[in-house]
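These notes are about the structure you will find just below.
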Amino acid sequence: MEWVEVSTDNCTVQRTLDVVGEKWSLLLLRDAMNGVRRFDDFRRHIGLSDAVLADRLRKLVGAGILDTVPYQEAGRRTRHEYRLTKKGWDLWPVMLALKGWGDRYTADPEGPPLDVFHADCGEPVQTVVTCAHDHGPLRPQEARTRPGPSARPGRR
């Protein structure tokens, strides 16, 4: 069965985009991965309205990507911080790949606004596609696709 003959009804890329594929959701993830935790800080940094921000945070919490942790400043009501879950941190390589593409093709002439580097040696971090059998980095021409275990015939 060729890819064009496979149903996309259960496509995991499509399902992932349903959860995190909206621009504001990705920017919230970017900020959470860089230490932003509080509603007001997300709003100020990204420039979202309260309604849109609350909706996106609620969806990310509902999807198990963010978790809420209560905090209280002196003399104020209890509020919640937003923290990435393991499921959220599993998106880190995806975000680094998007950042790498953006750094290569959309950065200002001076370079990107944020560098990500290895804490131990200071060298830049990069995303690399590898074979599970440890054959090192792969180029697209070295990979193939085939229908997976849940592939179903598409509509004709």
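The values are calculated or read from the model by the stated rules, or taken from the named source; none is laboratory data. Predicted model only: the values in this text are computed from it and were never measured. Glycine gets a Cβ as well: all are built from the backbone with ideal geometry, and neighbour counts include every protein chain shown.
Tabulated data for the structure shown
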| quantity | calculated |
| --- | --- |
| Filtered residues of the range 16-37 (kept if over 16 Å from residue 62 (Cα atoms), touching a residue at least 60 places away in the same chain (Cβ under 8 Å) and crowded, with 16+ Cβ neighbours inside 10 Å) | 30, 33 |
| Extreme residue, farthest from residue 2 (Cα to Cα), among residues of the range 119-156 that are basic (Lys, Arg) and in contact (Cβ under 8 Å) with a residue 24 or more places away in the chain | 155 |
| Hey, residue 43 within 17 Å of residue 20 (Cβ to Cβ) and either under 19 Å from the mean Cα position of the chain (by Cα) or at pLDDT below 95 (or both) or not | no |
| Every pair of residues 6+ apart whose Cβ atoms lie under 9 Å, when the first sits in the range 58-85 and is within 15 Å of residue 39 (Cα to Cα) while the second is among the β-branched types (Val, Ile, Thr) and part of a loop (DSSP other than H, G, I, E, B) | 59/65; 66/85; 67/85; 70/78; 71/78; 72/78; 82/36; 84/65 |
| Any hit, the range 38-54, residues being closer than 18 Å to residue 89 by Cβ and surrounded by fewer than 16 Cβ atoms within 10 Å (Cβ to Cβ) | no |
| Residue count, the range 27-40 (criterion: within 30 Å of residue 150 (Cβ to Cβ) and either touching a strand residue (DSSP E or B) at 6+ places or on another chain (Cβ under 6 Å) or modelled with pLDDT under 95 (or both)) | 0 |
| Tally, over the range 48-82, of residues that are touching a Pro at 6+ places or on another chain (Cβ under 8 Å) and not in a strand (DSSP E or B) | 1 |
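Okay, residues lined up against (1) among the polar types (S, T, N, Q); (2) closer than 20 Å to residue 115 by Cα; (3) touching a strand residue (DSSP E or B) at 6+ places or on another chain (Cβ under 7 Å):
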{"position": "15", "(1), (2), (3)": "no, no, no"}
{"position": "25", "(1), (2), (3)": "yes, no, no"}
{"position": "43", "(1), (2), (3)": "no, no, no"}
{"position": "79", "(1), (2), (3)": "no, no, yes"}
